[in-house]
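Everything on this sheet refers to the single structure shown next.
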Amino acid sequence: HGTLVLEEVLKDIPLDFMALFSSNTSLMSEVGKVDYCAANAFLDSYAHYRSFHLKRKTITVNWDAWKWDNWQKTLMKDLPELYNQIQQYRDTYGLSLEEGAEAMALSLSSMEPQVIVSTRDFIKLMEHHKTTHVDWDFTEEAAGKSLPASTHERPNLGTPYVPPENETEEQIIAMWQDLLGIDKIGIYDNFFQLGGHSLLGIQLISRLRESFQVEVPLKALFNTPTVIDLTSLIEEMILLEIEGLSEDEIRKQISGTRQNQELVADTEPEQNYELPNKMVIRHLNKAETDHFYKDIFEDNVYYKNGISIKSGDIVFDVGANIGLFALFIQEKFENVTVYSFEPAPPLFEILKANTSQYGEKCRLFNCGLSRKPGEAKFTFYPRTAGMSSFYADKKEEMEVLTAIMNNQQRLGMDGMDRVLEHTDELLEERFREREFDCQLRRLSDIIEEYKIEYISLLKIDVQKSELDVIEGIDEKDWNKIRQVVIEAHDIDGRVEHIRDLLSNKGYTVQVEQDDLYKGSNIYNIYGTRQKNE
């Protein structure tokens, strides 16, 4: 708890580094030291989280025993034999002050988030302290026919709770409870409304295939996201298998009988969702919302590299999606007006709901920005809405998402090994598309219509339309724009072109690529200048 308090107190101070003192006990799990072991294990995990997710230099040092320790003196009178044993151990293996100082200097020069300090062969020591692994039997017989324990109560859904009525429904509910951590799941509850998303869905499909020995397709979860529908599908597949049909024939049969469900599932339903900061919003997709939240609220992707905002400023949010950046601005700053532009009708409706409480501080435009006014076809991906585009190229989009998933695995995200086993199936579902005819306007026309004299920050994240937006700015209006953040797709040297353009207009320019986008063509470009010129 104290570590989190320190994090809160120091969050606005640009520290050179944070050093945490842990113990080797957290790695060896010594008997009788559960609380001490857990506390130090938290420090270790926190250092990794702060280093890799918050990108702040943090190091945890796992110290071995020292040659002295005042607490053991309390044993001298009542337990002299134990005192002597401990002291003998410390004299033989304990760290001296000089050794500790040298180890600390080496630790601080390390680029790793965790350093182990010991005078002994630590590999052999770990082998000696290994505990026995036990596989607990959580079958229905062992658990007394009870379902797995869960951590959260069932949320208030629009559907009434109806308990399982047969063994198949019980098995499916047990899987949902284990994956979602929710108690009392009913047969009419929707997997996605309970907080499920495609990554958890892959784990669920794997469990269904293993338990029922049928090749349940991933899209079945999107098309039949309730327990009762999945039960019906699985029982139907088992019956068809009994009839001797091949897997391909079963897929065709299932596909034909469920066409209507597939059409209904083309657009994911809006859902309420509580963000980590306790803000409740409307959204479409948990995995995508979590990704955007981390980008915007935790990594400050649009508020770094010299970007600054103050009371009274105007911010243009071009490519607003469901409005998380507008919410970030309104939460963090007072009296800032955000002009948000979102062409996709489903996203615009959610944007309206999420920003409605801010009134005139959030001005919304259901259009895209381009080099000239008009209308254009917009490809909308309901299950990967952030990649929707006026310049849709499903192959390119799939390559970007594949790169992101590979990077998530490289950075240690849980469950990605299993997800990558189903890449083709997942991509097929994530890039089902719809088309809309959307309005286009010019940024300079907006500036003129609303008599805007000064834009503190122009944020552009428009999936390959960034040059169109820029070319809709008249020369006379560039002096009104103090800062820009642009997500750019490096197509035909586009990043260099935008960097040169901004430099020629007097901006100090920085270009970077987030770890999650390594191997893709996506970069962030930051342009700042101290005052209007």
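The values are calculated or read from the model by the stated rules, or taken from the named source; none is laboratory data. What you see is a predicted model; the values in this text were computed from it and never measured. Counting neighbours? That spans all protein chains shown, and the Cβs are built from the backbone with ideal geometry, glycine included.
In the stretch 412-423, which residues are part of a helix (DSSP H, G or I) and either more than 18 Å from Tyr517 (Cβ to Cβ) or in contact with a strand residue (DSSP E or B) (Cβ under 6 Å, 6 or more places away or on another chain) (or both)? Before the answer, list the steps.
Residues of the stretch 412-423 that are part of a helix (DSSP H, G or I), as a first pass: 416-420, 423.
Of everything in the stretch 412-423, those that are part of a helix (DSSP H, G or I) and either more than 18 Å from Tyr517 (Cβ to Cβ) or in contact with a strand residue (DSSP E or B) (Cβ under 6 Å, 6 or more places away or on another chain) (or both) turn out to be Asp417, Arg418.
Looking for whichever is at pLDDT 95 or above and either under 29 Å from the mean Cα position of the chain (by Cα) or farther than 30 Å from Ile205 by Cβ (or both) here; the options are Leu427, Leu467, Leu401, Leu411. Which one fits?
None of the others qualify; the one that does is Leu467.
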| Some residue of the stretch 334-344 being hydroxyl-bearing (Ser, Thr, Tyr) and under 22 Å from the mean Cα position of the chain (by Cα) | no
| message | Which count do you get for residues in the stretch 212-254 that are small (Gly, Ala, Ser) and at pLDDT 55 or above? | response | 2
| said: Among the listed residues Asn504, Asn521, identify the single one that is in contact (Cβ under 8 Å) with a residue 40 or more places away in the chain and either of a type in the set (S, T, N, Q) or within 28 Å of Pro346 (Cβ to Cβ) (or both). | reply: Asn521
| said: Being surrounded by fewer than 19 Cβ atoms within 10 Å (Cβ to Cβ) and either outside any loop (DSSP other than H, G, I, E, B) or touching a helix residue (DSSP H, G or I) at 6+ places or on another chain (Cβ under 6 Å) (or both): is that true of Asp492 here? | reply: no
| field | Residues of the stretch 374-406 that turn out to be touching a residue at least 60 places away in the same chain (Cβ under 8 Å), among the basic types (Lys, Arg) and closer than 21 Å to Leu218 by Cα, as a count | value | 1
| remark: Checked pairs for the stretch 157-170, first under 25 Å from Asn272 (Cβ atoms), second outside any loop (DSSP other than H, G, I, E, B), C-beta under 8 Å and 6 or more apart or across chains, list as Leu157/Asn190; Thr159/Asn190
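Would you check which residues across the stretch 336-348 are surrounded by fewer than 21 Cβ atoms within 10 Å (Cβ to Cβ) and at pLDDT 95 or above and list them?
Narrowing the stretch 336-348 to residues surrounded by fewer than 21 Cβ atoms within 10 Å (Cβ to Cβ): 337, 345-346.
Residue satisfying the conditions is Thr337 alone.
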| request: Check off (1) of a type outside the set (S, T, N, Q); (2) assigned to a helix (DSSP H, G or I); (3) without any contact (Cβ under 8 Å) to a residue 40 or more places away in the chain for Leu426 and give me the number that stays unchecked. | output: (3)
| From Ile86, Ile59, Ile123, which residue is in the same structural domain as Lys11 (by TED's automatic domain parsing), of a type in the set (A, V, I, L, M, F, W, C) and at pLDDT 75 or above? | Ile59
| task | Report, by residue number, each residue of the stretch 369-400 that is within 17 Å of Phe325 (Cα to Cα) and either outside the structural domain of Ile329 (by TED's automatic domain parsing) or in contact with a Lys or Arg (Cβ under 9 Å, 6 or more places away or on another chain) (or both). | result | Met387
| query | Could you count how many residues in the stretch 319-334 are surrounded by 24 or more Cβ atoms within 10 Å (Cβ to Cβ) and not in a helix (DSSP H, G or I)? | reply | 5
| note | Output for Cβ contacts, cut-off 7 Å, separation at least six or different chains, first residue touching a residue at least 40 places away in the same chain (Cβ under 8 Å) and at positive phi in the stretch 453-472, second in a strand (DSSP E or B) and of a type outside the set (Val, Ile, Thr), reads Gln463/Ser389; Lys464/Ser389; Lys464/His489
| Assuming Ile460 fulfils every condition listed in (1) aliphatic (A, V, I, L, M); (2) closer than 18 Å to Gly368 by Cα; (3) out of contact with any Asp or Glu (no Cβ under 7 Å at 6 or more places or on another chain) apart from one, which condition is it? | (3)
| field | Tally of residues being of a type in the set (D, E, K, R), buried (at least 17 other Cβ atoms within 10 Å of the Cβ) and farther than 22 Å from Gly472 by Cβ across the stretch 358-387 | value | 1
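Only one of Gln463, Gln439, Gln483, Gln409 is closer than 30 Å to Asn223 by Cα and outside any helix (DSSP H, G or I). Can you tell me which? Before you say what the answer is, go through the steps one by one.
On the way: Gln439 fails: closer than 30 Å to Asn223 by Cα; Gln483 fails: closer than 30 Å to Asn223 by Cα; Gln409 fails: outside any helix (DSSP H, G or I).
Result: Gln463 is the single residue among Gln463, Gln439, Gln483, Gln409 that is closer than 30 Å to Asn223 by Cα and outside any helix (DSSP H, G or I).
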| Yes or no: Ser340 free of Cβ contacts under 8 Å to residues at least 40 places away in the same chain and within 19 Å of Asp468 (Cα to Cα)? | yes
| said: Suppose we keep only residues that are among the β-branched types (Val, Ile, Thr) and more than 26 Å from Val318 (Cβ to Cβ) within the stretch 388-436. Which one would you say is surrounded by the most Cβ atoms within 10 Å (Cβ to Cβ)? | reply: Val419
| Scope the stretch 180-222; condition touching a helix residue (DSSP H, G or I) at 6+ places or on another chain (Cβ under 9 Å), surrounded by fewer than 17 Cβ atoms within 10 Å (Cβ to Cβ) and charged (D, E, K, R); matching residues | Asp183, Lys184, Glu215
